[in-house]
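*Asks:* Below you'll find the structure I mean.
The values are calculated or read from the model by the stated rules, or taken from the named source; none is laboratory data. The model shown is predicted, which means the values in this text are computed figures rather than measured ones. Cβ coordinates were reconstructed from backbone atoms using ideal geometry, including for glycine residues, and neighbour counts include every protein chain displayed. All accessible areas refer to the heavy atoms of the entire protein, side chains included, with ligands and DNA or RNA removed. Shrake-Rupley method; radii C 1.70, N 1.55, O 1.52, S 1.80 Å.
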Amino acid sequence: AQKITQTQPGMFVQEKEAVTLDCTYDTSDQSYGLFWYKQPSSGEMIFLIYQGSYDEQNATEGRYSLNFQKARKSANLVISASQLGDSAMYFCAMDLSGGYNKLIFGAGTRLAVHP
Amino acid sequence: DSGVTQTPKHLITATGQRVTLRCSPRSGDLSVYWYQQSLDQGLQFLIQYYNGEERAKGNILERFSAQQFPDLHSELNLSSLELGDSALYFCASSEGTGLGFGYTFGSGTRLTVV
């Protein structure tokens with residue numbers, strides 16, 4: 001069964017430090033994509049980063065990078081130089097070829113950035 | 001502004017009632033998705049439309065229905081509402097339906113059933 005697992009319900013980090021949010025996935029498909037979204041307390045879903053299963057290099061977007069380990073089926077999000085505005089819920093999600101682009105989401109990790 | 005417009009932003013209604021949530025996709029996007037975010041179920045895919053046709057269905061209750069109109073806006077109809085239907089309902093849109101097509105989410109409609 002296709003599934004996304006985020007094992008960290010909550011994390012905290014000091015401002016300016018880096019933090020890694022864990023995500024593991026389960027699928028037998030060879031073609032899939034992995035997304036990370038941020039949901040601040042205001043509720044909107046903000047796209048952060050995308051990694052395709054055939055991408056050879058780890059995706060990076062500014063302070064966000066995705067540590068993609070295909071054999072381990074993990075797609076951890078690394079946030080460098082944390083800022084107070086990074087405090088939010090973070091969701092890992094997967095889409096599958098043939099899945100018409102519907103996303104399967106993990107339960108999320110709540111990140112708190114402390115000054 | 002993401003370009004995906006959802007109305008209303010907040011809705012409070014009584015059990016047994018019917019409501020309609022509206023979504024206008026980003027300009028040029030043909031595909032519309034509806035998701036429900038609740039405390040106990042998390043984020044769950046409900047249904048997808050592409051250029052007016054239903055493409056995929058998720059865990060959508062029979063009391064819920066949706067459609068996409070010729071101008072590509074979509075409506076999600078929720079009827080015989082129960083307390084457990086209280087949730088944040090998101091609409092998202094994308095250009096196509098292939099792997100990796102970017103998603104743009106609206107800001108959501110927060111439904112409270114009392």
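*Asks:* Subtract the Cα-Cα distance of A:Leu84 and A:Lys70 from 0.36 nm times their separation in residues, and report this length gain in nm to one decimal.
*Replies:* 1.9 nm
*Asks:* Let me ask something else. Ignore the peptide's own chain and count Cβ atoms of other chains within 10 Å of each Cβ in B:33-42; give me the average, rounded.
*Replies:* The per-residue average across the peptide is 2.
*Asks:* Using a 1.4 Å probe and counting only protein heavy atoms, arrange B:Arg55, B:Arg18 so the residue with the most accessible area comes first.
*Replies:* If we order B:Arg55, B:Arg18 from most to least accessible, we get B:Arg18, B:Arg55.
*Asks:* Distance in nm between label sites at A:Ser41 and B:Arg63, each 7 Å beyond Cα in the beta-carbon direction?
*Replies:* Result for the modelled spin labels: 3.2 nm.
*Asks:* Another question, then. Residue-wise, which Karplus ³J(HN,Hα) couplings in Hz belong to the range B:40-49, taking 6.51 cos²θ - 1.76 cosθ + 1.60, θ = phi - 60°, and x for glycine or proline?
*Replies:* Once rounded to whole Hz, the list reads 8, 9, x, 8, 10, 6, 9, 6, 10, 10.
*Asks:* With N set to the number of residues, divide the alpha-carbon radius of gyration of chain B by 2.2 N^0.38 Å and report two decimals.
*Replies:* Ratio of Rg to 2.2 N^0.38 Å for chain B: 0.99.
*Asks:* Roughly how far apart, in whole Å, are the Cα centres of the range A:31-109 and the range B:45-83?
*Replies:* 26
*Asks:* Please compute the modelled spin-label separation between A:Ala107 and A:Asp29, points set 7 Å along Cα→Cβ, answer in nm with one decimal.
*Replies:* The two pseudo-label positions are separated by 2.3 nm.
*Asks:* At a 1.4 Å probe radius, carbon and sulfur cover how many percent of the accessible area of chain B?
*Replies:* 47
*Asks:* At 0.36 nm per residue, minus the direct Cα-Cα distance, what do B:Asp71 and B:Thr20 gain on full extension? Give it in nm, one decimal, please.
*Replies:* Working it through step by step, the gained length comes to 16.6 nm.
*Asks:* Counting only residues 5 or more places away or on other chains, whose amide H sits under 5 Å from the amide H of B:Ala56 once H atoms are built in the peptide plane?
*Replies:* Result for B:Ala56 returns B:Gln48.
*Asks:* Per residue, how much accessible area does chain B have with a 1.4 Å probe, in Å²?
*Replies:* 47
*Asks:* Next question, about the same structure. Per-residue counts of other Cβ atoms within 10 Å, averaged by peptide: what ranking do you get for B:41-50, A:60-69, A:105-114, highest first?
*Replies:* B:41-50, A:105-114, A:60-69
*Asks:* Further question on the same structure: Over chain A, what is the percentage of antiparallel beta bridges among all DSSP beta bridges, to the nearest 5?
*Replies:* 90
*Asks:* For the range B:12-18, in order, what is each residue's ³J(HN,Hα) by Karplus, 6.51 cos²θ - 1.76 cosθ + 1.60 with θ = phi - 60°, in whole Hz (x at glycine and Pro)?
*Replies:* Using θ = phi - 60°, the values come out as 10, 8, 9, 4, x, 7, 10 Hz.
*Asks:* Then there's this: Reported to two decimal places, what Rg/Rh ratio describes the protein assembly as shown when computed on Cα atoms with Rh from the Kirkwood expression?
*Replies:* Value, to two decimals: 0.97.
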